[in-house]
Amino acid sequence: MENAVLQEIIPNGLVYNIDERRTKSDLGMPVEVRYKAPWDTAWQALWSSRGDRAETIYDRSRVWRYRESLNWHGIDTYNPAESARHLVSLDGKENRDVGPFQLFKAAEYAGLDNKNTWFLMFGSNPSGSFKDGGMVSLFTQGKHLHVLQYICASTGNTSQSLAQVAANEMATSTPYLKRPIVVVPSGRITPGKLLGAIANRAIVMQIDGDFSKALQLVRSAVDADESLQLANSATPYRIEGQKAEMILLMEHFGWHKVPDWIVTPGGNYGSTAAIHKAFREMREAGWIDRLPRLAVINAAEANTLDVLHNERKVRWNNGNVDRKKIDEFYGELEERFRREQQGERVRHTDMTAIDIHVPADENLYKTLRAMEEMNGVVTSVTDEEAWEAKYVIDSNGLGEVDLASASTVAGMKKLVGQGIIEPTQFVVGRITGRDKDPEKSFERYAKVNPPIKVANNLNALQQALQALYTLR
Ligand SMILES: *Cc1c(COP(=O)(O)O)cnc(C)c1O
């Protein structure tokens, strides 16, 4: 029995069958998965009884461990064979080992109390970013609908995650699947991410233009060909899997201790939509009595939400979004894009994962709603601020992070400095992915901690050490 419908994100919104592959209603309002019953409190104990030593990959997965919360088809989640038939997983590895962790140096750098500051770190995911959590839930719906081929636009990590989940499915349970298609902006994607997509045999198309242009192209391809399934986070099925991030967080803190803040980078705003949906459903179930506040961090050179929220005062306003203001801003961006094509130099952020100017409408609207219900703030950080924060995060011994991830810590520092986040508050930051641009990072670290060339003898080594210490 179907457990859910697709419904417009406004109160009493239009309702559609869960299997309609739509992202919006006929009136253009985004839809989301709405469950017929609130979460059952008995799930808390059930979920905690599953874990790393469990027998099935579905119990070990840090998405499917919580499968009752995203069981839109009402499968028998207690039945391992039925789970195996329906659920798609990267062998149970999605969201394993993502924390929460404490990064004392990062907390101190941001001006926060390190006892109350926690980080989810998604670099340990198979594809190196949080994208796997939502990709496995999309593929679960795709398997149900017998989808043959997926397509996405990407700044890099979505394409790698899509390629890996597709590759894993083709190798295990869905051999008839066709290679996925990924459309990426030429030159604005890191080599490591491109490599991930290519190595997993995705069909990679590079276009002239940015992510927004790639997404437009992908959406028209999907509209023109029924057999293609959109794999971007505009599709509600990806948001469902991504809710697990906040569930595992709340599980860690005993289900009731709600953070004061969730701090996250904002790119195409699937994350912000999922964070909000997870806490909203926990509140509807009576598990928590308030939502955390949301802090979204933009790159200074791709700061759409910052401009729309802070400068143009665009608000959710119960679904009566002032579309004119949004379109006006997008018009200005289009103008700038045209000037750039005619040769004007425009600076682009090094934080390629959030180098997004026109996000999917669906996620923008969901995020405007999240900003309202979570008393949200948005700010922007420069590349220099992000690099500095990255040096600090990387020096905690838990691995090197994607520059866009570092915006979380740079943003925390900024918001603490402005008195918006208080130093003793309970703050959780999302470190969204691992570093996949070692060449650029090497270039940067050459100024921070360069390797020292020495002659191959003890004397030279000791002299070099001496010089290093006297310099300090
Ligand atoms: C995708 C991605 C983001 C942006 O997340 P959204 O959900 O699109 O806002 C940020 N950082 C990294 C590393 C990513 O891969």
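The values are calculated or read from the model by the stated rules, or taken from the named source; none is laboratory data. These numbers come from a predicted model, not from an experiment. Note that we place each Cβ from the backbone using ideal geometry, even for glycine, and neighbour counts take in every protein chain shown. Ligands, DNA and RNA are stripped out before the accessible areas are found, and what is left, the full protein with its side chains, is counted by its heavy atoms. Shrake-Rupley method; radii C 1.70, N 1.55, O 1.52, S 1.80 Å.
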Yes or no: region 452-471 includes at least one residue that is touching a residue at least 40 places away in the same chain (Cβ under 8 Å), hydrophobic (A, V, I, L, M, F, W, C) and surrounded by 13 or more Cβ atoms within 10 Å (Cβ to Cβ). no
Take ILE326 and decide whether it is open to solvent by less than 30 Å² (accessible area, probe 1.4 Å), away from the ligand (no atom under 16 Å from the Cβ) and not acidic (Asp, Glu). yes
Can we say VAL346 is aliphatic (A, V, I, L, M), in a loop (DSSP other than H, G, I, E, B) and free of Cβ contacts under 8 Å to residues at least 24 places away in the same chain? yes
Would you mind telling me which numbered condition in (1) within 16 Å of the ligand (Cβ to nearest atom); (2) open to solvent by 10 Å² or more (accessible area, probe 1.4 Å) LEU291 fails? (1)
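Quick grid of which residues meet (1) in contact with a helix residue (DSSP H, G or I) (Cβ under 8 Å, 6 or more places away or on another chain); (2) away from the ligand (no atom under 16 Å from the Cβ); (3) open to solvent by less than 10 Å² (accessible area, probe 1.4 Å):
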{"position": "ALA234", "(1), (2), (3)": "yes, no, yes"}
{"position": "GLN242", "(1), (2), (3)": "yes, no, yes"}
{"position": "TRP255", "(1), (2), (3)": "yes, yes, no"}
{"position": "PRO259", "(1), (2), (3)": "yes, yes, yes"}
{"position": "ILE262", "(1), (2), (3)": "yes, no, yes"}
{"position": "GLY266", "(1), (2), (3)": "yes, no, yes"}
{"position": "THR272", "(1), (2), (3)": "yes, no, yes"}
{"position": "ILE275", "(1), (2), (3)": "yes, no, yes"}
State whether one or more residues within region 48-63 are touching a strand residue (DSSP E or B) at 6+ places or on another chain (Cβ under 8 Å), open to solvent by less than 20 Å² (accessible area, probe 1.4 Å) and among the aliphatic types (A, V, I, L, M). no
Pairs where the first residue, in region 403-414, is within 15 Å of ASP350 (Cβ to Cβ) and free of Cβ contacts under 8 Å to residues at least 60 places away in the same chain and the second is within 13 Å of the ligand (Cβ to nearest atom) and open to solvent by 10 Å² or more (accessible area, probe 1.4 Å), C-beta under 7 Å, 6+ apart: LEU403/ASP350
Consider GLN425 against the criteria (1) assigned to a loop (DSSP other than H, G, I, E, B); (2) farther than 27 Å from PHE253 by Cα; (3) at pLDDT 95 or above; (4) open to solvent by less than 70 Å² (accessible area, probe 1.4 Å): it satisfies all of them except one. Which criterion is unmet? (2)
With respect to the numbered conditions (1) open to solvent by less than 10 Å² (accessible area, probe 1.4 Å); (2) within 14 Å of the ligand (Cβ to nearest atom); (3) farther than 30 Å from PRO236 by Cβ; (4) not in a helix (DSSP H, G or I), which one is the sole condition not fulfilled by ALA386? (4)
If only one of ALA54, ALA42 is over 30 Å from ARG219 (Cβ atoms) and at pLDDT below 95, which one is it? ALA54
List the number of the failed condition for ILE247; all other conditions in (1) within 16 Å of the ligand (Cβ to nearest atom); (2) over 14 Å from the mean Cα position of the chain (by Cα); (3) of a type in the set (A, V, I, L, M, F, W, C) hold. (1)
Counting only residues in region 97-144 that are in a helix (DSSP H, G or I) and among the basic types (Lys, Arg), the one farthest from the ligand (Cβ to nearest atom) is identified as LYS143
Inside region 286-319, the number of residues satisfying the requirement of being in a loop (DSSP other than H, G, I, E, B), more than 18 Å from GLY429 (Cα to Cα) and not acidic (Asp, Glu) is 11
LYS366 in contact (Cβ under 8 Å) with a residue 60 or more places away in the chain, within 15 Å of the ligand (Cβ to nearest atom) and not in a loop (DSSP other than H, G, I, E, B): yes
Given region 186-285, what strands (runs of 3 or more DSSP E) lie entirely inside it while holding 1 or more residues that are in contact with a Leu (Cβ under 7 Å, 6 or more places away or on another chain)? 203-207, 261-265
With respect to GLY286, determine if the residue is in contact (Cβ under 8 Å) with a residue 24 or more places away in the chain and within 16 Å of the ligand (Cβ to nearest atom). no
Is there a residue being open to solvent by less than 20 Å² (accessible area, probe 1.4 Å), in contact (Cβ under 8 Å) with a residue 12 or more places away in the chain and of a type in the set (Gly, Ala, Ser) anywhere in region 162-179? yes
Which of (1) under 19 Å from VAL33 (Cβ atoms); (2) open to solvent by 40 Å² or more (accessible area, probe 1.4 Å) is the odd one out, the single condition ASP97 does not satisfy? (1)
